[in-house]
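Visitor: What follows is a structure written as structure tokens; I'll ask about it next.
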Amino acid sequence: MQIVTRLNALRTAVKDLREDEKTLALVPTMGALHEGHLTLVREAKAKADKVAVSIFVNPRQFGEGEDLDAYPRQIARDRELLHNESVDLLWAPGAEEVYPTGYATNISVAGISEGLCGADRPGHFDGVATIVCKLFNQVRPDLAFFGEKDWQQLAIIRRMVRDLDLVRPQVGAIYGVPIVREPDGLAMSSRNAYLSPQQRKQASALPRAMRDAIATVSDGGDNGGALENLREVLRVAGFQNVDYAEFRDADSLARLDSDNGNARLFVAARIGRTRLIDNMPVEEPGK
Ligand code: PAF
């Protein structure tokens, strides 16, 4: 695996990988890799000839008081994990390479960025859209892979690629990969590392409460009642706050009062100082 930290070297490395019209996939990450990321890498390997992974803890997507400094960094371990997956290229630039002095451009995807996580984290999705657009321009991959755990992020990236007529990758080549879950159902996340053993146990109430809410709605119960019950279950389990719990259309992310056949449940809840997010489809009964 080639490891590159400067743009000039990246251009040469990408050109070499693309020789003989080989296709290139990119898996953008912020490091602290876990099985969820490795699943993205494996999907990328199955669909492209060559795979690049980027690791960059993007300061522009962390708000004031968020965990930029505390964000887990374990580059040596990440390198080893990617090497074991036979990744071809690791793009790991420093902050100055990505945002040189005088950097001034921001990408903002209106509407779709505004509810759910966008409501609690002003500027977060501008930071995500900006870095992902830059990574796409830097690496110019044919395909790109993102986890469905950050469903809103995936929807925003697709919209950005479509709106800006990006060519590499095109919108149809942006793959969402289903959430990888721990045996107790908790969605894998780099932030799970912040949970104490006690909090980790309590956290498993989140996917359970979500499945129950979905079952209620699928059985004809109303969305409002199901969400009220979910909030109460999480409070009793030890969650300090539910930032949001909403049924939304899976594509437009429009809020839904009742199931429209394409609904998804989105939840963000805090346990101690850790904010967990998750989302699940509302399956039609009998599906
Ligand atoms: O999902 C992430 O890890 C980040 O938001 C991303 C897409 C790598 C951009 O920094």
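Visitor: In this structure, is LEU230 of a type in the set (A, V, I, L, M, F, W, C), free of Cβ contacts under 8 Å to residues at least 60 places away in the same chain and either under 20 Å from ARG121 (Cα atoms) or surrounded by 16 or more Cβ atoms within 10 Å (Cβ to Cβ) (or both)?
Guide: Working: of a type in the set (A, V, I, L, M, F, W, C): yes; free of Cβ contacts under 8 Å to residues at least 60 places away in the same chain: yes; either under 20 Å from ARG121 (Cα atoms) or surrounded by 16 or more Cβ atoms within 10 Å (Cβ to Cβ) (or both): yes.
Judged against the criteria, LEU230 is a match.
Visitor: Residue under question is ALA215, and the condition is that it be crowded, with 18+ Cβ neighbours inside 10 Å and at pLDDT 95 or above; does it hold? Before the answer, list the steps.
Guide: Details: crowded, with 18+ Cβ neighbours inside 10 Å: no; at pLDDT 95 or above: yes.
So ALA215 fails the test.
Visitor: Six or more apart or on different chains, Cβ atoms under 8 Å: show the pairs whose first residue is in the stretch 119-142 and more than 22 Å from ALA269 (Cβ to Cβ) and whose second is within 13 Å of the ligand (Cβ to nearest atom) and of a type in the set (Phe, Trp, Tyr).
Guide: Filtered contacts from the stretch 119-142: GLY127/PHE62; ILE131/PHE56; LEU135/PHE56; LEU135/TRP91; GLN138/TRP91; VAL139/TRP91.
Visitor: Given the condition within 30 Å of LEU10 (Cβ to Cβ), part of a strand (DSSP E or B) and within 14 Å of the ligand (Cβ to nearest atom), answer yes or no: does some residue in the stretch 150-171 qualify?
Guide: Residues of the stretch 150-171 that are within 30 Å of LEU10 (Cβ to Cβ), as a first pass: 150-171.
Add one more test, that the residue is part of a strand (DSSP E or B), and what stays is none.
Looking for residues that are within 30 Å of LEU10 (Cβ to Cβ), part of a strand (DSSP E or B) and within 14 Å of the ligand (Cβ to nearest atom), one finds none in the stretch 150-171, hence no.
Visitor: Same structure again: Only residues that are in a loop (DSSP other than H, G, I, E, B) and surrounded by 14 or more Cβ atoms within 10 Å (Cβ to Cβ): list them for the stretch 1-19, please. Give the steps one after another, and end with the answer.
Guide: As a first pass, look at the stretch 1-19 and keep what is in a loop (DSSP other than H, G, I, E, B): 1, 5-6, 18.
Answer for the stretch 1-19, where residues must be in a loop (DSSP other than H, G, I, E, B) and surrounded by 14 or more Cβ atoms within 10 Å (Cβ to Cβ): MET1, ARG18.
One line per residue, one yes/no per condition, for (1) hydrophobic (A, V, I, L, M, F, W, C); (2) in contact with a helix residue (DSSP H, G or I) (Cβ under 8 Å, 6 or more places away or on another chain):
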| site | (1), (2) |
| --- | --- |
| ARG11 | no, no |
| LEU17 | yes, no |
| ASP20 | no, no |
| ALA25 | yes, yes |
| GLU35 | no, no |
| LEU40 | yes, no |
| LYS45 | no, no |
| SER54 | no, yes |
| GLY63 | no, yes |
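Visitor: Is it the case that some residue within the stretch 174-193 is of a type in the set (A, V, I, L, M, F, W, C), crowded, with 19+ Cβ neighbours inside 10 Å and farther than 19 Å from ALA269 by Cβ?
Guide: We begin by selecting, within the stretch 174-193, every residue of a type in the set (A, V, I, L, M, F, W, C); these are 174, 177, 179-180, 186-188, 193.
Checking the rest, the ones that are also crowded, with 19+ Cβ neighbours inside 10 Å come to 174, 177, 179, 186-187.
Still in the list and also farther than 19 Å from ALA269 by Cβ: 174, 177.
Yes, that holds for at least one residue.
Visitor: Considering only the stretch 20-115, give the strands (runs of 3 or more DSSP E) lying wholly within it that have at least 1 residues that are open to solvent by 20 Å² or more (accessible area, probe 1.4 Å) and more than 13 Å from the ligand (Cβ to nearest atom). First the steps, then the outcome.
Guide: Details: elements: 24-29, 50-55, 89-91.
Correct list: 50-55.
Visitor: Quick one: THR274 ticks every box in (1) open to solvent by 10 Å² or more (accessible area, probe 1.4 Å); (2) in contact with a Phe, Trp or Tyr (Cβ under 8 Å, 6 or more places away or on another chain) bar one, so which box is it?
Guide: It fails just one condition, (1).
Visitor: For the stretch 194-210, does any single residue satisfy the condition of being open to solvent by less than 40 Å² (accessible area, probe 1.4 Å), closer than 25 Å to GLY127 by Cβ, touching a helix residue (DSSP H, G or I) at 6+ places or on another chain (Cβ under 9 Å) and within 16 Å of the ligand (Cβ to nearest atom)?
Guide: No: zero hits.
The values are calculated or read from the model by the stated rules, or taken from the named source; none is laboratory data. The shown structure was predicted, so the numbers you read here are calculated from the model rather than taken from an experiment. Virtual Cβ from ideal backbone geometry, glycine too; neighbours counted across all protein chains shown. Calculation scope for accessible area: heavy atoms of the full protein, side chains included, ligands and nucleic acids excluded. Shrake-Rupley method; radii C 1.70, N 1.55, O 1.52, S 1.80 Å.
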